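**Q** Below is the structure I would like to discuss, written out as structure tokens.
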Amino acid sequence: MVGASFDSSVSRFAASAELGTIGPDFVVSGSGIFLGQSGDPVSIGPVALRTTNQYTGLYALDTFDVTNAFSITAGGRFNAARIKLEDQIGSALNGNEAFNRFNPIIGGTYKITPGLTAYAGYSEANRAPTPLELGCADPAHPCIVAAFLVSDPPLKQVISRTVEAGLRGTKDLNIGTLGWKLGAFRATNTDDILAIPSPVLQGFGYFQNVGSTRRQGIEAEITLKSNTLQLYASYALVDARFLDTLLVGSNSPFADGDGNVQILPGNRIPAIPRNRVKAGIDFSVTDAFKVGGDALFVGSQYFVGDESNQAQRLASYAVFNLHASYQINKTFQIYARADNIFDNRYATYGTFFDNRRYPQSRQWRSGFHGSTFRQPGTAARLLRGLAGNLLKST
């Protein structure tokens with residue numbers, strides 16, 4: 001198999017800043033006074049930017065049957081990325097970056113028995129920085145991240161190298177077909193990119209290459225399928241860690257006097273849960289009427305900004321959902337879904353903010369806990385609806 005791909009997109013972005021007043025109900029009222037450049041070292045607009053992204057790929061892949069049981073797959077892909085930034089007001093944001101790389105892939109499978117196969121492989125991949133990352137990459141000139149961009153030095157592309165191996169198999173049982181997979185992986189990223197809050201200016205930040213990181217672990221899944229029943233369960237253990245010594249800005253309460261935290265090799269990467277379990281069941285009461293449920297367990301994770309792993313972690317959580325559907329005909333289906341049926345209260349994301357600069361924050365209650373912010377999960381809810389399928393061929 002050989003092929004080529006070309007993707008192109010144009011994006012336009014604009015932002016401005018206006019003085020406002022925060023009322024007692026925390027509603028912000030504008031004043032009509034718009035701010036210009038605030039000078040060194042930050043900018044609060046106005047900003048107007050046009051970006052052009054072009055990605056070209058050439059790839060080839062082939063599988064060689066060495067024996068009836070042993071096969072080798074090998075190939076590669078050449079990626080060329082061109083990212084052009086055009087400042088629509090001045091010239092500070094202008095930039096034209098190019099990223100090129102060839103990524104090889106090789107793997108093999110060995111059929112131990114008709115129902116048991118061993119596999120192993122090695123692959124490489126690359127990711128070019130996004131225009132947002134390229135437009136906000138200077139610690140000395142931080143941005144209000146995702147709002148205002150400034151002129152910054154270029155970033156390096158992220159290179160990922162992955163090794164994986166494992167076993168998979170199938171077996172026919174009286175109640176259906178049993179399928180399973182058990183594997184291990186290790187992915188090492190070079191020049192990984194991290195969003196870092198400014199240690200000097202609250203609400204500002206920048207993107208930076210942070211050396212090498214590693215994600216390794218195991219994945220296991222099992223399925224049981226029949227004409228009326230489908231069962232599935234999966235488990236993922238992901239151990240994500242920094243591999244280099246770094247000093248980065250943070251709003252962590254454990255930051256030093258300059259607003260930085262020390263990352264040591266072996267520190268875990270925030271916002272990546274170590275354990276994740278999924279399970280579910282679908283049962284066909286009739287050909288038209290189906291019911292089922294699913295569950296998700298996510299282990300604890302470090303708050304974003306706690307790269308030094310010193311603060312208390314965001315708690316683990318479990319969510320249980322139910323669903324049902326009735327196929328009226330080939331065109332219409334009635335469905336219902338109940339999310340979080342036990343009304344568990346949980347948070348999916350956490351980070352820090354410096355409330356010492358905002359005395360009023362002590363009075364705020366929604367989402368704030370001291371110097372931390374948590375993104376709440378979905379509360380219990382029931383969704384009902386009538387779905388129309390207009391694809392008559394299906």
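The values are calculated or read from the model by the stated rules, or taken from the named source; none is laboratory data. Every value quoted in this text rests on a predicted model; they were computed, and no experiment measured them. Because the Cβ atoms are built from the backbone with ideal geometry, glycine has one as well, and the counts that use them run over all protein chains shown. Quick note on the areas: whole protein, heavy atoms, side chains included, nothing else; ligands and nucleic acids left out. Shrake-Rupley method; radii C 1.70, N 1.55, O 1.52, S 1.80 Å.
**Q** When Ile272 is evaluated against the numbered criteria (1) at pLDDT 90 or above; (2) β-branched (Val, Ile, Thr); (3) not in a loop (DSSP other than H, G, I, E, B), which criterion, by number, is the only one it fails?
**A** (3)
**Q** When region 331-355 is examined, which residues are found to be small (Gly, Ala, Ser) and crowded, with 16+ Cβ neighbours inside 10 Å? I'd like the intermediate steps shown before the answer.
**A** Going residue by residue through region 331-355, those that are small (Gly, Ala, Ser) are 336, 338, 347, 350.
Within region 331-355, Ala338, Ala347, Gly350 qualify.
**Q** Only one residue in Val66, Val2 is among the β-branched types (Val, Ile, Thr), surrounded by fewer than 11 Cβ atoms within 10 Å (Cβ to Cβ) and touching a residue at least 24 places away in the same chain (Cβ under 8 Å). Which one?
**A** Val2
**Q** Now, a different point. Do you know which residues across region 280-303 are open to solvent by less than 40 Å² (accessible area, probe 1.4 Å) and in a strand (DSSP E or B)? Give the derivation first.
**A** Step one: list which residues in region 280-303 are open to solvent by less than 40 Å² (accessible area, probe 1.4 Å), which gives 280, 284, 288, 292-295, 298-303.
Correct list: Gly280, Ser284, Gly292, Gly293, Asp294, Ala295, Val298, Gln301.
**Q** Of all the residues that make up region 315-328, how many are assigned to a loop (DSSP other than H, G, I, E, B) and under 23 Å from Gln230 (Cβ atoms)? So that I can check it myself, show each step before the final result.
**A** If we filter region 315-328 for residues that are assigned to a loop (DSSP other than H, G, I, E, B), which is where we start, we get 315-316, 328.
From what is left, the residues that are under 23 Å from Gln230 (Cβ atoms) are 328.
Result for region 315-328: 1.
**Q** Still on this model: Taking into account only those residues within region 176-233 that are outside any strand (DSSP E or B) and among the hydroxyl-bearing types (Ser, Thr, Tyr), which is surrounded by the most Cβ atoms within 10 Å (Cβ to Cβ)?
**A** Looking only at region 176-233, we keep the residues that are outside any strand (DSSP E or B), and these are 191-192, 198-204, 210-212, 226-228.
Next, from what is left, pick out any that are among the hydroxyl-bearing types (Ser, Thr, Tyr): 198, 212, 226, 228.
Numbers: Ser198: 23, Ser212: 16, Ser226: 14, Thr228: 14.
Going through the qualifying residues, I end up with Ser198.
**Q** Also, I was wondering about something else. Looking only at residues in region 310-328 that are over 15 Å from Gln375 (Cα atoms) and of a type in the set (S, T, N, Q), which one is most open to solvent (accessible area, probe 1.4 Å)? Steps first, please.
**A** Keep residues of region 310-328 that are over 15 Å from Gln375 (Cα atoms), which gives 310-312, 318-328.
With the extra rule that they be of a type in the set (S, T, N, Q), the set shrinks to 310, 312, 321, 325, 327.
On the way: Gln310: 97, Gln312: 155, Asn321: 21, Ser325: 27, Gln327: 66 Å².
Ranking the qualifying residues of region 310-328, first place goes to Gln312.
**Q** Can you name the strands (runs of 3 or more DSSP E) wholly within region 20-138 that have at least 1 residues being under 30 Å from Arg186 (Cα atoms)? It would help to see each step written out before you state the result.
**A** Numbers: elements: 28-35, 47-65, 70-87, 95-113, 116-127.
Fully inside region 20-138 and qualifying: 47-65, 70-87, 95-113, 116-127.
**Q** Condition (residue is open to solvent by 80 Å² or more (accessible area, probe 1.4 Å) and modelled with pLDDT of 95 or more) applied to region 123-140: is it met by at least one residue? Talk me through it step by step, then tell me what you get.
**A** As a first pass, look at region 123-140 and keep what is open to solvent by 80 Å² or more (accessible area, probe 1.4 Å): 127.
Subsequent filtering for residues that are modelled with pLDDT of 95 or more retains none.
No.
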